[in-house]
Each structure stands twice: as structure tokens, then as C-alpha cells.
1. Give or take rounding to whole Å, what are the principal axis extents of the alpha carbon atoms in the stretch 114-262, in descending order?
2. Got a sec? How would 54, 94 order by Cβ neighbour count within 10 Å, fewest to most?
3. Computed FRET efficiency, Cβ-Cβ of residue 241 and residue 28, R0 30 Å: what is it to the nearest 0.05?
4. I want to make sure I understand the PRE zone here: with the label point 7 angstrom from the Cα of residue 76 toward its beta carbon, which residues in the stretch 121-136 have backbone N atoms less than 18 Å away?
5. Based only on Cα atoms, what mean projected area does the convex hull of the stretch 118-166 have, in nm²?
Ligand SMILES: [Zn+2]
């Protein structure tokens, strides 16, 4: 198949992405749609025609722009390199193994945090923010300062310390309080300053309990990230107890939906 013959294929991808662009989806929602396009490309088109590499590159760049900037045009520096996005979940990426990994070159190294992030009980929006957080790719204020985007690096939640990954997610009084409430309720050790280290050390025999604790940890990471957005945009500081109550309800609902109350000893 010649490059010129593929213009209809590229047009179709652009049309679909423009249609989605109007829907104002979250990163997680956009990722699901991209997964859909690339899976179709792989399972339908690529099995009928040999698609030229330049066309794959073009479609890849359209999907990359849509993920990070909600448009088919380049609009924002990607938080994570596309090769990493396209990796299988076990290898630190975001896609189910066997889907569109063929777009990626290079060796694969399994990461031990993938069950924490890509836990089947986690909401996609929690998982996506967790995936960025665990790689320290969220735009915390220290990074924004380095890029020259902002001039005030003070944490919007406590207004006493500079905001960086470590401060925002662990040592800010707000975050410490949230982690403490969650730890006391779950009755298991939780991360205190390094979620990667915690993930490699914490062991649990019950798969369901492990999945629920992982879901709670990733939910809290998401809520801490959203808390600084709320502070900056709505000029109010969320209350740790309210965030904790929301996560507790979420975990209780997950637990009930599993209808396995007698299978493990977590007191809910
Ligand atoms: Zn703070």
C-alpha cells in the first residue's frame, strides 16, 4: 500500500479525533479511545495491507497530540514519551499486552508496580493519574518553575513549603493527614514517603484485600493531586476527612460488589 493510498485512513483517524475533541474527556477517557483506534488499526487495516511506516508515524503523532492536548494538532509537551505510553501495562505503559505494542521499538523490562496502578478495581481516571505520579511526571510546581511557566512555587494547599512531588504527595500536612486516616482505617502499612518502595515491600496473602488496598492508595494519590487543583482554581482547601470519607465509601462499594465479606478480615 503506497503512502498516498493511506490518506483516507489518516483522514478517518483525524475525523474521529475531532469528533472526540468536542467531548472534553479526561486523560483516562482519551486513552480508552486511542486504544480503540490503534487496536482497530492493528487488527483490521494492518492485517489487510502493509501500512508504510510514515503513515504509522503520522497516525501515532495524531493520537499522541489528542492524548496530551485534546486535539489532532500538537498543543502541549507530552508528560510521558509516547514509546512509554505504548508499552504494555506490565512494562510501565498503558495498554493491554498484545494490542499495539508493535508500534514500539526497544527492549521490554517488567515493572513491579503495574498491579498497583492497573488494578482491575481502580477507576481509569485514578489509574491514569497514578501512572503519571509513580513516574513523577505530573506537573508539580517545581517542574512548572523549571519550565518558566509559573513564578510562585509555594504549595497551594499549605502555603508554607515549596511544592514538589515529595512534598505534595507525602510531607504536606494535608497529605500526611489523609494517609494517616486511610492507614488507621485499613489497618495496614501505607506509603509514607515512597509509593514504589512500599509497593515492592508490602505483602498480602489475600488477592482481594490487596486489590482493595491498592485501589485505596491510587484513589488517594488522585485526590491529593486534585486537591491542589481545587486550591488553585477554587481558592478553597479540601478537608482530609471528607476525602477519606469519599475513598472509604468507594472501597466499601467495591467490597460489597464483590460479595466476599467472609473471605478476609479487613473490617469495613
Ligand atoms: Zn503543602
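1. 53, 28, 24
2. On the way: 54 10, 94 24.
With the sparsest Cβ surroundings first, the list reads 54, 94.
3. Working: r = 26 Å, r/R0 = 0.88.
According to the calculation, E is roughly 0.70.
4. Only 124-136 pass the distance filter.
5. Details: hull surface 16.6 nm².
That works out to 4.2 nm², a quarter of the Cα hull's surface.
Read-outs throughout are calculated quantities, based only on the coordinates presented, and are distinct from any laboratory measurement. Computed from a predicted model, the values in this text were never measured in an experiment. Please note: Cβ atoms are built from the backbone with ideal geometry, for glycine as well, and neighbour counts cover all protein chains shown.
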